[in-house]
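Student: Dumping the structure here so I can ask a few things about it.
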Amino acid sequence: MIRRLAHVCIGATDLAETEGFYRDALGMEKAFDFFRAGHRIGFYLKAGESTFIEVFVENGETQIERPLIRHFCLEVENLDAVCETLRSKGVEVSAKKLGGDGAWQAWITDPSGVRIELMQYSEDSSQFSGRPVNLD
């Protein structure tokens, strides 16, 4: 019934800064823009095959302390290389660690406060083995 995640929608306090972060730091390609009354109000980013991140400008107070989503996760092939590249572009990246699910992870935050998990699966990852994860 469900094939895959189609998109995640996030808010942005500054569209240009947010687009630059995802395009320049993460290397993602913009798919298209959204306009209302001649003004750009958002855009779609390609996140692999037919998965996207949808971004709309947020009006009013920002929700950095209470974002609308907790986080989203981007799968990467080589977490060490991705972390090194991001740090070279001035992005603050957490230390790499092995999660309880057996996958390697590191964390970054976009300019609007949305947390992004970067994940590299291992052969032992629960996502493939089905092994339950105890988060005590």
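Student: How many Lys pairs in the chain lie less than 24 angstrom apart by Cα atoms, where the lysines are 8 or more positions apart or on different chains?
Tutor: 4
Student: Cβ neighbours within 10 Å, averaged per peptide: list 13-24, 79-90 in order, most packed at the top.
Tutor: 13-24, 79-90
Student: Based on the Cβ-Cβ distance from GLN127 to ARG40, what FRET efficiency comes out when R0 is 41 Å, to the nearest 0.05?
Tutor: 0.70
Student: In whole Å, what is the distance between the alpha-carbon centres of region 15-41 and region 93-136?
Tutor: Taking the Cα centre of each part, region 15-41 and region 93-136 sit 26 Å apart.
Student: Return the tail of the calculated pair distribution for region 1-123, meaning the percent of Cα-Cα pairs more than 26 Å apart.
Tutor: When all Cα pairs of region 1-123 are counted, 21 percent exceed 26 Å.
Student: If you don't mind, another one. Sum -39500 (n - 2.57) across every DSSP H segment of at least 4 residues in the chain, then divide by the residue count to get the 222 nm mean residue ellipticity, nearest 500.
Tutor: Result for the chain, helices only: -3500 deg cm²/dmol.
Student: Taking the Cα atoms only, what angle lies between the long axis of helix 79-88 and the longest principal axis of the chain, rounded to 10 degrees?
Tutor: On a 0 to 90 degree scale, this one is about 40.
Where a number appears in this text, it was derived from the coordinates with a stated rule and is not lab data. Quantities reported herein were computed from a predicted structural model and do not represent experimental measurements. In this analysis, Cβ positions are derived from the backbone assuming ideal geometry, glycine residues included, and neighbour counts consider all displayed protein chains.
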